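The values are calculated or read from the model by the stated rules, or taken from the named source; none is laboratory data. Remember, it's a predicted structure, so these values are computed and weren't measured experimentally. Please note: Cβ atoms are built from the backbone with ideal geometry, for glycine as well, and neighbour counts cover all protein chains shown. Accessible surface is based on the protein model in full, side chains and every heavy atom, while ligands, DNA and RNA are left aside. Shrake-Rupley method; radii C 1.70, N 1.55, O 1.52, S 1.80 Å.
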Amino acid sequence: MEWRGAGLGAVPEEGAGLGPYGGGAYGGADSGGVTLEKVLGITAQTSSGLACNPNTSRYPPTPPGTPKHLLIMFRVGGHGGRREGESHRHAAVFPAQNGHRPAVRVWDVEERAQVSALHGHKHGVACVAFSPSAKYLVSVGYPHDMVVNVWDWKKDSLVASNKVSCKVTAVSFSEDSYFVTVGHRHVKFWFLDSSRELKINETVPLVGRSGLLGELHDNVFCDVACGRGRMSGSTFCVSSSGLLCQFNEKRVLEKWIVLKVPLANCVCLSEELIFCGCADGTVRIFQARDMRYLSDLPKPHPLGVDVTQAPPPRRPDLVYPDTIALAYDACNRWLSCVYKDHSVYVWDVGDLRNVRKVWSDLFHSSFVWSVEVYPEFEERRSCLPPGSFLTCSSDNTIRAWTLESGSARPVQGSAYSTTLLNVVYVDNNTQHLQDSSSAPDRSENVGHLDIKSGVRVMQVSPDGEHLASGDRGGTLRIHELRFMQEVAKVEAHDSEVLCLEYSKPETGAALLASASRDRLIHVLNVDKNYKLEQTLDDHSSAITSVKFAGNGDIQLISCGADKSIYFRNAQKLPDGFNFVRTHHVAEKTTLYDMDIDITQKYVAVACQDRNVR
C-alpha cells in the first residue's frame, strides 16, 4: 500500500481501506503489513472536504475522545473532499488535482473497500455530491475541465453531462430532482429528466438554467446548500464578499443578508437553521424559514494560543483562524468546523443559548518536515510522557504529541486536544499559522506564504533534556523540553539548516553539529552552553547528512550534494576539540542521506541513482 501527501495527513491509494478520521485501521487485518492507527492532520480547503456520518454505530471503535461521527478526507495535491449518501454507507472521494487519471472513487465505509472508480474528468475533480436517494452522483471538474457529470455510480455509467463556463467551487443536491452549482459569477440549477434517461441508454445532455442574480451577478459564490424538509424549495448560498442569499424554486434571488464580515467561506443547513462560516473564527446562525439572525457560535482558540493554559478571555487584539468548512450532524445536533489553521472543533448546537464544545484538535497548517520520537527514560527523568514525539513544520511551530492515553501524568494540552501536549511558536508572526492556499481566489498552483518560513529539522539530545531545531532561514534554536522554553538562539547559517546531530554519550563528549545548504558545518559544545568549537568548510555544496561516531574517540562523518563523504577525527585540546579530516570518498552521484550501523563499523549512504552504498 502506497501513501502520499505532505505532512501527517494522507489518502490511501486505490485498493487501500478507508477508516474513520482520527483512528481505525487502514489495510485490514489480512493485509499482513503495517496498520495505520491514527492520522494527525487534516486538509479540508472548502466544505466539500468535510462530511459527517450521524450513524455512529456503523464505525469500528476509535481512540477515546474522537467523535465517531466525523469523517474527513485529506487532500492529495488538490482539494480533497467528499459527500456521503445511501444511509451513510458510502463515501465519494476525489483525491486528485492534476494527477494521473483523476477519478471519483466511491467507498463502502463499513467494508472499507472501494466499490467504484468513475473516470470522467481529465484534469481533476473540484466537488462531488450524492443525490438524496444516493442513486446518482454528480461531479464537477477543475476549471480546465469545464465538465459537470451525473453518474449512475452502481452501473459505472455516465447518465448526463454538460459543459460549465466558469470555475465551480461547490455543488448541492436538492430533495427535488435538481442540483445547484456555484462559483465565480455563477449560480446554476441543473435538472435531471428521469423519463428521458429511462428510455435512452447513452449519456444525454444535462439541462442547466442560470439563477437570476439581479444586481449580485458580479459576486464569487463560494458555497451552496439546498433546503431540507419544509425548506426544500429554497437554495441558500454565500458569497466570499459576505452575503447570504436565498433562491426560490423558480431560481429567483428572493432575498439576501449582509453578514457584516470581511470574508465568508461556507454554508451548511439543518431543517431549521443556517450556519455561515466566516473570517476570524466567526460562524453566524440564522433561522431557515425567515433568515432571521439568531446568534454566533463561540470562537475557537486565538492564533498563537498557549495550549497548556486555559482558553484566554476574548480581547479585541486577538486574531482567530477563519472558518473554512462546516458539516451538520442532524442526529446529535452537532456542528463540525474546520478552521484555516487546520484545527477541528465539534460544537453541540442543540441549545443555542448554551453551545458547548464536544471535541477539538489542533494540527499543523503546513508541510511537516521532521518527526522525532522522544527517547524512553524512567518516569522521573523523562521530560515528556511515554509514547511522545515531536514534529516541526513550515507553519513555524514545533509540536509535542502523545498517543499514550493511560499515562500516569495528566496530559497538559487537554483544553484543546487529547493528543497535543504543547506548541512552540518560533516567532511571533501568526500569519504562517493560517494556510494561505485556501483563499477563495486562489489559483490551482498557489504557493505558500514565504519560502523562508518554517522549522526544517530537529534533534532531541541523548539525555532527553534539550531539543535542537534549525529553521529555513539558518537560525539554530535550543529548547529545554520540560517547559518548552528557548534557552539558546544562534543565527548560525546563511540558508536553511538541513541536518542536526548530537554526539552519543559513549563518545565521551557532548557536542552538536549543525549543517546547512550554505555548505558549512558548525560544531557546538553542549556543556559550554552551546559555544562554537569549530566551523568545517570541506563541502562545496549543500550538506545532506552529518553523523557522530566513535567509542571514547570521536569521529564526524558528513555527506552532501557535492557527491562527497568526509571522515574526520577529533583531537582533544585543553579548551575543547579540533576535528581533522582523515578520509575523503568521492562518489559519482548526489548523496541524500546517511546512517551508521549499530556496530559503528559501517556507513550506509542513500544515493540519487536509487542505490544504497
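Which FRET efficiency value, to the nearest 0.05, do you get for E249 and D427 by plugging their Cβ-Cβ distance into 1/(1 + (r/R0)^6) with R0 = 56 Å?
Numbers: r = 53 Å, r/R0 = 0.94.
So, using R0 = 56 Å, E works out to roughly 0.60.
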Query raised in the report: By a straight-distance test (C-alpha under 17 Å), which lysines pair with K155 as possible cross-link partners, with residues fewer than eight away in the same chain excluded?
Result: K135, K199
Query raised in the report: Once amide H atoms are placed 1.01 Å from N in the peptide plane, what residues at a sequence separation of 5 or more from F579, or on another chain, have their amide H within under 5 Å of its amide H?
Result: Q571
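Compute and list, largest first, the equivalent-ellipsoid semi-axes of the stretch 244-355 from the alpha carbon gyration tensor, each √(5λ) rounded to a whole angstrom. Numbers along the way, then the final one.
On the way: eigenvalues 141, 50, 29 Å².
After scaling each eigenvalue by five and taking roots: 27, 16, 12 Å.
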Report task. Bin all alpha-carbon pair distances of the stretch 534-576 at 5 Å intervals from 0 and give each bin's fraction as a whole percent. Result -> 6, 20, 28, 21, 14, 8, 2
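Among the GluC sites (Glu not before Pro) within the stretch 315-423, which fall in a DSSP loop and have no more than 12 other Cβ atoms within 10 Å of their own Cβ? Can you show the working numbers first?
Numbers: sites: E372, E376, E378, E379, E404; in loops: E376, E378, E379, E404.
Loop-located and lightly packed - E376, E378, E379.
Take every Cα pair under 8 Å in the stretch 195-318 that's 6+ residues apart, average their separations, divide by the length, and report that relative contact order as a whole percent.
On the way: 212 pairs, mean separation 18.4, N = 124.
With pairs under 8 Å counted, the relative contact order is 15 percent.
Evaluate E = 1/(1 + (r/R0)^6) for S157 and R209, where r is the Cβ-Cβ distance and R0 equals 22 Å; express this FRET efficiency to the nearest 0.05. Write out the running numbers ahead of the final one.
Working: r = 25 Å, r/R0 = 1.12.
Plugging the Cβ-Cβ distance into 1/(1 + (r/R0)^6) gives 0.35.
Just how many % of Cα pairs in the stretch 114-210 lie over 17 Å apart, if you round to the nearest whole percent? Could the numbers behind the result be given before it?
Numbers: 2113 of 4656 pairs.
The answer is 45 percent, as a whole percent.
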Query - Violating pairs (Cα-Cα greater than 27 angstrom) within the set K38/K167; K122/K154; K188/K255; K250/K299; K163/K255; K547/K572 - result: K38/K167; K250/K299; K163/K255
Query - Loop GluC sites (Glu not before Pro), the stretch 220-329 (other Cβ atoms within 10 Å of the site Cβ: 16 or fewer; DSSP) - result: E249, E271, E272
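In whole percent, how big is the carbon plus sulfur part of the accessible area of the stretch 482-587, probe 1.4 Å, protein atoms only?
Ligands and nucleic acids excluded, carbon and sulfur give 45 percent.
So if R0 is 51 Å, what FRET efficiency would H583 and Q309 give, r being the distance between their Cβ atoms, rounded to the nearest 0.05?
Details: r = 52 Å, r/R0 = 1.02.
E(calc), rounded to 0.05, equals 0.45.
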Query raised in the report: Over the stretch 556-613, how many percent of alpha carbon pairs lie in each 5 Å bin up to the one with the longest distance?
Result: 4, 18, 24, 22, 16, 9, 5, 2, 1
Report summary line: Here the net charge surrounding S540, from other residues whose Cβ is less than 13 Å away from its Cβ (Lys, Arg +1; Asp, Glu -1), is -1
